[in-house]
């Protein structure tokens, strides 16, 4: 039995919410789009193309073997940042199942690309064989990031990041790393630097804080960094930060992912 009954609706209510998200006001066949469908026990059938289908046939959940209530419980845990090991105990599933579904939820997040403007703070971090460049529009929830293979970032890679994610004439704040020297000759930005060895942190405090929050998020949620999944963890973290409403409930997430 799912331990937190109050957060999980009945199966009937879950079906009703899924039907509204997937089909809107009127049911239609996912194969031919005909509205000439009828209910046949636990499935539907189209009178036009005669093909059967289920509520989830046209979605990425079509092969799901979980009960709807267990699925909803797992999704609730993920949206609320309940750690994997806690989720296992709450939902009475194996660690393999919990990690599989948490990954499915990550993989079906909507894609986004932010273009930063005004004032942007930029920095890099390193995770074993991967490097991460991240920038934040100062005073906002707008983030941009890029994963690079290797344990270092060079000036060309930093410049390419700017080309993609930072609007011309932005005020760019970085630390004193060599990859940022003369960066304003590569891309039209107004560049200022913090020299951390001189205890200068004011220009980059927001992006430094984001890297700290990212590491804490991964450690608490997934317990360790798996290089294979690092790009997914970072994308999830950035979207949670920039679009918190999407993670307020399973329903809000499903509205964006189905």
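Any read-out appearing in this document is the output of simple, stated calculations on the displayed coordinates, not a laboratory observation. Owing to the predicted nature of the structure, the values given are computational and were not obtained by experimental measurement. Ideal geometry is used to build each Cβ from the backbone, glycine not excepted, and the neighbour counts take in all protein chains shown.
What the table shows:
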quantity	calculated
For segment 1-131: rounded, prolate or oblate by the Cα gyration tensor [a/c cutoff 1.5]	oblate
Computed over the chain: relative contact order in percent, which uses C-alpha pairs under 8 Å that are six or more apart	17
Gyration tensor (alpha-carbon) shape descriptor, segment 37-104, a/c threshold 1.5	prolate
Calculated log10 I(q)/I(0) by the Debye sum over Cα atoms at q = 0.08, 0.10, 0.15 Å⁻¹ (choose from (i) -0.44, -0.63, -1.04; (ii) -0.36, -0.56, -1.18; (iii) -0.31, -0.50, -1.22), label	(i)
Per-pair calculated FRET efficiency, R0 = 45 Å: residue 80 and residue 47 via Cβ, rounded to 0.05	0.60
Length-normalised contact order of segment 123-239 in % [C-alpha pairs under 8 Å, at least 6 apart]	21
Kirkwood Rh in Å, taken over segment 72-132 so that all alpha-carbon pairs contribute	14.3
Least to most buried among 194, 63 (fewest other Cβ within 10 Å first)	63, 194
Top of 16, 96, 48 by mean-square fluctuation, Gaussian network on the chain, Cα under 10 Å	48
Euclidean distance of C-alpha centroids, segment 22-79 and segment 196-234, integer Å	39
Pairwise label distance in nanometres, residue 181 with residue 245, each label 7 Å out on the Cα-Cβ vector	4.6
Selected from 246, 64, 134 as most flexible by GNM, with the chain as the system and alpha-carbon contacts under 10 Å	64
Backbone N within segment 130-164 under 14 Å of label point (7 Å from residue 192 Cα along the Cβ vector)	138-139
Globularity index of segment 119-242, i.e. its alpha-carbon radius of gyration over 2.2 N^0.38 Å	1.02
